[in-house]
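Novice: Sharing a structure with you now.
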Amino acid sequence: MTRAPQLRPLGAALGTEVLGIDLAKPLDADTFAGIAAVFAEHPVLVFRDQSLGAPELAAFGRRFGTPRPHALTKYRHIDCPEVSWLTNVEETGQIDWYGVKRATAWHTDSTFEDALPLLAMLHAKEVPSEKGGTMFADMRAAWDALPDARKQLLSGLTGLHGRTSGPAGERLYGDDKGATDKKYEEVKWPAVTRHPVSGRSILFVNPMHTHGFVGMKREEAWPLIDELAAHATQERFVYYHRWRVGDVLIWDERATMHRGAGDYRPDERRIMLRTIVYPN
Ligand SMILES: [Fe+2]
């Protein structure tokens, strides 16, 4: 049995609020099945007014798959390594003014890894007084709207992915790559993929990690990656999430790209818990 939850659309393109769910309590199987069914069609879901600790967030993640520790070791939650902090507050209590700029280029998480995440979750603990949103682009709608010639070209292409080696990654980070606990090889993914539940085609190219295509010269590939990113991030495909404390937001890591809006005052605190879930 599936118990369909009540929904409220948040954005014209995507973004869907799920009503009447308390994630601090264990969800019964029917309720969870209802959420999972909705998520297959609506790749950004928001649950308002939640109050979860790291273990509870990880437990919600475990209903979908396997939450994994984040690559950046310094942000891992001390009690629960599958949950990490997304914060601009240093251990000393000082605010990192660069925090506002972090992850502000469009990307899909971890496409430079050999296994792709299913979804990610953020839980807002402290938010700036205004702005500081997260933006999501619907890569299914972006694919559907591509001209046929582009669809044909992309159907035969395999993307090359690195950590920050795409055009937007280079522009944002340059040589500052951050400390991780492993080295990455170049990873290949088809430029178009299918959603495993809905079967919809998804444009799977992102300007942070995709830095080329097999058999294509860089001079050709980079403008194509930039063109596809510009196409996919038109307002008609994008949802800007305005955070409230207590929001738990989950997004489909295959069907969307995202970025920090980078638009809040850099001296204001912004603290979230995050977990990234992989298929079992
Ligand atoms: Fe991200």
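Novice: Relative contact order for region 137-280: what is it in percent, counting Cα pairs under 8 Å that are at least 6 residues apart? The partial results should precede the final answer.
Specialist: Details: 170 pairs, mean separation 45.9, N = 144.
Relative contact order here is 32 percent.
Novice: So what are the ³J(HN,Hα) numbers for region 99-111, from phi and the Karplus equation (6.51, -1.76, 1.60; θ = phi - 60°), rounded to whole Hz, Gly and Pro as x?
Specialist: With coefficients 6.51, -1.76 and 1.60, one gets x, 4, 8, 5, 6, 9, 9, 4, 7, 10, 5, 6, 6 Hz.
Novice: In region 1-130, what percent of the accessible surface is made up of carbon and sulfur (1.4 Å probe, ligands and nucleic acids excluded)? Mind dumping the intermediate values first?
Specialist: Details: 3350 of 6260 Å².
C and S atoms contribute 53 percent here.
Novice: With a 1.4 Å probe and every protein chain left in place, work out the accessible area per residue of region 145-232 in Å², rounded to a whole number. Write down the numbers at each step before the final one.
Specialist: Values: 4630 Å² over 88 residues.
With all protein chains present, region 145-232 gives 53 Å² per residue.
Novice: Continuing with the same structure: When the expected Rg is taken as 2.2 N^0.38 Å, what fraction or multiple of it is the alpha-carbon Rg of region 214-280? Can you show the working numbers first?
Specialist: Values: Rg = 16.4 Å, N = 67, 2.2 N^0.38 = 10.9 Å.
This ratio for region 214-280 stands at 1.51.
Novice: If you wrap a convex hull around the C-alpha atoms of region 47-99 and split its volume per residue, what is the figure in Å³?
Specialist: In region 47-99, the Cα hull volume divided by residue count equals 115 Å³.
Novice: Related question: Tell me what the chain gives for mean residue ellipticity at 222 nm when only DSSP H runs of n ≥ 4 count, each as -39,500 (n - 2.57), the sum divided by the residue total, rounded to 500 deg cm²/dmol. Spell out each step's value before the answer.
Specialist: Details: 6 runs with 60 residues, N = 280.
Here the helix-only value at 222 nm equals -6500 deg cm²/dmol.
Novice: How much of the pair distance distribution for the chain lies past 26 Å, counting alpha-carbon pairs only, in percent?
Specialist: On the way: 15965 of 39060 pairs.
The answer is 41 percent, as a whole percent.
Novice: Sticking with this structure for a sec: For 200, 265, write out the residues from largest to smallest accessible area, computed with a 1.4 angstrom probe and no ligands counted.
Specialist: From most exposed to least exposed: 265, 200.
Novice: Rounded to the nearest percent, how much of the accessible area of region 145-232 (1.4 Å probe, protein heavy atoms only) is carbon and sulfur? Can you show the working numbers first?
Specialist: On the way: 2330 of 4630 Å².
Carbon plus sulfur share of accessible area: 50 percent.
Novice: Which whole DSSP H helices in the chain pass both tests: a Cα extent of 15 Å or more along the axis and a mean Kyte-Doolittle value no lower than 0.5? Write out the running numbers ahead of the final one.
Specialist: Numbers: long enough: 29-41 (19 Å, 1.17); 54-64 (16 Å, 0.03); 218-232 (21 Å, -0.33).
Correct list, ordered by number: 29-41.
Novice: Once amide H atoms are placed 1.01 Å from N in the peptide plane, what residues at a sequence separation of 5 or more from residue 88, or on another chain, have their amide H within under 5 Å of its amide H?
Specialist: For residue 88, the qualifying residues are 270.
Novice: Show log10 I(q)/I(0) for region 145-232 at q = 0.13, 0.19, 0.23 Å⁻¹, two decimals, from a solvent-free Debye sum over equal Cα scatterers.
Specialist: -0.44, -0.88, -1.17
The values are calculated or read from the model by the stated rules, or taken from the named source; none is laboratory data. Remember, it's a predicted structure, so these values are computed and weren't measured experimentally. Note: accessible area is taken over every heavy atom of the protein model, side chains too, but ligands, DNA and RNA are not part of it. Shrake-Rupley method; radii C 1.70, N 1.55, O 1.52, S 1.80 Å.
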